[in-house]
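Asker: Below is one structure. I have some questions about it.
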Amino acid sequence: MILELELSLVLILYLFQVIRSLLSLRRLRDEIHENASPFVSVVVAARNEEDNIAACLQSVLHQSYPKDKFEVIVVNDNSTDNTENICLELAKSHGNLVYVRAREDSTLRGKTNALDHGVSKARGDVILVTDADCTVPQTWIEWTAKRYGEDVGIVGGMTIQKASNGFEGMQSLDWAYLLGLAASAVAFGNPLSLIGNNLSFRKTAYEGVGGYRKIPFSVTEDFMLFQSIVKTRKWNHLYPVDPRVLVVSQPCSTLKELIRQKHRWGKGGLDMKPSGMLIMAAGFGTHVLVLLTFLFGSFFIAATGLMVKFIADYFFLYAVLKRLERTDLLKYFYWFEIYFISYVLLLPFVAFFGGKVIWKGRTY
């Protein structure tokens, strides 16, 4: 009986958070400034991305935004494959593509070093960042730039993953779910995080916090930059859920790669503020109590609780994906729930006891 009562209480908290997120999405603040046309610099850090970099740069270069109003800076982050040659070949036919080699730096580590190299070379008032394994829509720069009123310092964006099977589809829904929560948190006045493959900021806002040289190091550098700019209270921030700025990323191709990604995210999440920790704790507690109730309590109550959770998750994902015009991804919902339950239960142990983070051939 105690297990069933605890499950009911935690499930109420879980449902409260989902319902609050749904309501927040409906009132998500967004600002479109039709006349905004700042000069934009797109920064792409690439490390051993010979399979992806051409598609990424082609998508960024072919935009609806005027070509004389943006540049693309691709930073070679010490690649050992053919990434450099591909970038140099593309630069021959695209005058606004700038190629930069990142130098080793005693202050900056990993991707932050490459990004700082790119930002330091940027001429743009607004910096857009995506990853080398992503493609962006033709409207990405235009409709991101239109968000930059004079008081806006940083803008997040949604990313899903390319999906052609259950393994890829569950990852895509996971990203839609987590980033949907992040967007709704902004709407609720509680900005938590964003993702670095669909990120933009004013260069002055970046410089105002000292850039990556002054921000404490994190394996999730996007999270630290976002929090640093938000904490200054000098700039407003937006998080549009808009198909015109929706980025598509390549999914992890193996289970080992996926575990390493979650390990990195889990380590970065340890720096989350208390309200973010509460959201994660509610999810963890709900899944633990469902499992314990199945094993030691009432099977009927556990099954009912699980079904209520499934329904809540489905409606939240539907609300996010409808805005993104990608409800087709809901066909992977059952795969997502199996995956979601598994990693939510395991992630705290991986984050605390998983050892050092290994990502892109580097150890942190």
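Asker: Give the number of residues within the range 324-338 that are over 13 Å from ILE160 (Cα atoms), in contact (Cβ under 8 Å) with a residue 12 or more places away in the chain and open to solvent by 70 Å² or more (accessible area, probe 1.4 Å).
Answerer: 3
Asker: Next up: Restricting to the range 243-266, and then to whatever is open to solvent by less than 10 Å² (accessible area, probe 1.4 Å) and at pLDDT 95 or above, can you tell me which residue is nearest to VAL344 (Cα to Cα)?
Answerer: So, considering only residues that are open to solvent by less than 10 Å² (accessible area, probe 1.4 Å) and at pLDDT 95 or above, the one nearest to VAL344 (Cα to Cα) is SER249.
Asker: State yes or no: is LYS331 modelled with pLDDT of 75 or more, more than 23 Å from SER184 (Cα to Cα), basic (Lys, Arg) and part of a helix (DSSP H, G or I)?
Answerer: Criteria met by LYS331.
Asker: Filter the strands (runs of 3 or more DSSP E) completely within the range 121-222 down to those with at least 3 residues that are among the hydrophobic types (A, V, I, L, M, F, W, C).
Answerer: Strands (runs of 3 or more DSSP E) meeting the threshold: 126-131, 152-155.
Asker: Another question about this same structure. For the list (1) at pLDDT 95 or above; (2) among the acidic types (Asp, Glu); (3) open to solvent by 40 Å² or more (accessible area, probe 1.4 Å), I need the number of the one condition that GLU71 fails.
Answerer: Answer for GLU71: the failing condition is (3).
Asker: Step by step: first the residues of the range 82-107, then only those that are open to solvent by 40 Å² or more (accessible area, probe 1.4 Å) and of a type in the set (S, T, N, Q), then the one that is farthest from PRO66 (Cα to Cα). Which residue is that?
Answerer: So, considering only residues that are open to solvent by 40 Å² or more (accessible area, probe 1.4 Å) and of a type in the set (S, T, N, Q), the one farthest from PRO66 (Cα to Cα) is SER106.
Asker: If a residue has to be touching a residue at least 40 places away in the same chain (Cβ under 8 Å) and not in a helix (DSSP H, G or I) to count, how many in the range 97-118 make the cut?
Answerer: Number satisfying all stated conditions: 6.
Asker: Give me the residue from the range 203-215 that is open to solvent by 10 Å² or more (accessible area, probe 1.4 Å) and among the aliphatic types (A, V, I, L, M) and, out of that set, modelled with the highest pLDDT.
Answerer: The selected residue is VAL209.
Asker: Every residue in the range 290-307 that is open to solvent by 30 Å² or more (accessible area, probe 1.4 Å) and part of a helix (DSSP H, G or I), please.
Answerer: The answer is LEU291, LEU292, PHE294, LEU295, PHE296, PHE299, PHE300, ILE301, ALA303, THR304, LEU306, MET307.
Asker: Can you tell me which of (1) of a type in the set (Gly, Ala, Ser); (2) within 28 Å of VAL241 (Cα to Cα); (3) buried (at least 20 other Cβ atoms within 10 Å of the Cβ) is the one SER79 doesn't meet?
Answerer: It is condition (2) that SER79 fails.
Asker: Then there's this: Modelled with pLDDT of 90 or more, open to solvent by 50 Å² or more (accessible area, probe 1.4 Å), under 18 Å from LEU199 (Cα atoms) and assigned to a loop (DSSP other than H, G, I, E, B), is that true of SER64?
Answerer: Criteria not met by SER64.
Asker: Determine which single condition GLY153 fails, assuming it passes every other condition in (1) closer than 28 Å to ASP116 by Cα; (2) open to solvent by 10 Å² or more (accessible area, probe 1.4 Å); (3) in contact (Cβ under 8 Å) with a residue 12 or more places away in the chain.
Answerer: Failed condition: (2).
Asker: A further question follows. I'd like to check something: does the range 111-118 contain any residue that is surrounded by 15 or more Cβ atoms within 10 Å (Cβ to Cβ) and farther than 23 Å from PHE201 by Cα?
Answerer: no
Asker: Inside the range 26-83, can you point out the residues that are more than 13 Å from TYR99 (Cβ to Cβ) and hydroxyl-bearing (Ser, Thr, Tyr)?
Answerer: Once the filter is applied, which keeps residues that are more than 13 Å from TYR99 (Cβ to Cβ) and hydroxyl-bearing (Ser, Thr, Tyr), the range 26-83 yields SER37, SER41, SER59, SER64, TYR65, THR80.
Asker: Quick one: in the range 13-57, of everything that is β-branched (Val, Ile, Thr) and out of contact with any Phe, Trp or Tyr (no Cβ under 7 Å at 6 or more places or on another chain), which residue is surrounded by the fewest Cβ atoms within 10 Å (Cβ to Cβ)?
Answerer: ILE32
Asker: Ok, one more. Would you point out which residue out of SER184, SER228, SER218, SER200 is open to solvent by less than 40 Å² (accessible area, probe 1.4 Å) and under 13 Å from the mean Cα position of the chain (by Cα)?
Answerer: None of the others qualify; the one that does is SER200.
Asker: Further question on the same structure: Restricting the first residue to the range 76-96 and requiring it to be of a type in the set (Gly, Ala, Ser), which pairs with a second residue that is open to solvent by 60 Å² or more (accessible area, probe 1.4 Å) meet a Cβ separation below 6 Å and a spacing of at least six or different chains?
Answerer: Cβ pairs passing all conditions: SER79/ASN48.
Asker: Another question about this same structure. Answer yes or no: is there a residue in the range 157-174 that is closer than 20 Å to ASN35 by Cα and modelled with pLDDT of 95 or more.
Answerer: Within the range 157-174, not a single residue is closer than 20 Å to ASN35 by Cα and modelled with pLDDT of 95 or more.
The values are calculated or read from the model by the stated rules, or taken from the named source; none is laboratory data. Predicted, not measured: the structure shown is a model, and the values here were computed from it. Note that each Cβ is placed from the backbone with ideal geometry, even for glycine, and that neighbours are counted across all protein chains shown. The accessibility values were calculated without ligands, DNA or RNA, using every heavy atom of the protein model including side chains. Shrake-Rupley method; radii C 1.70, N 1.55, O 1.52, S 1.80 Å.
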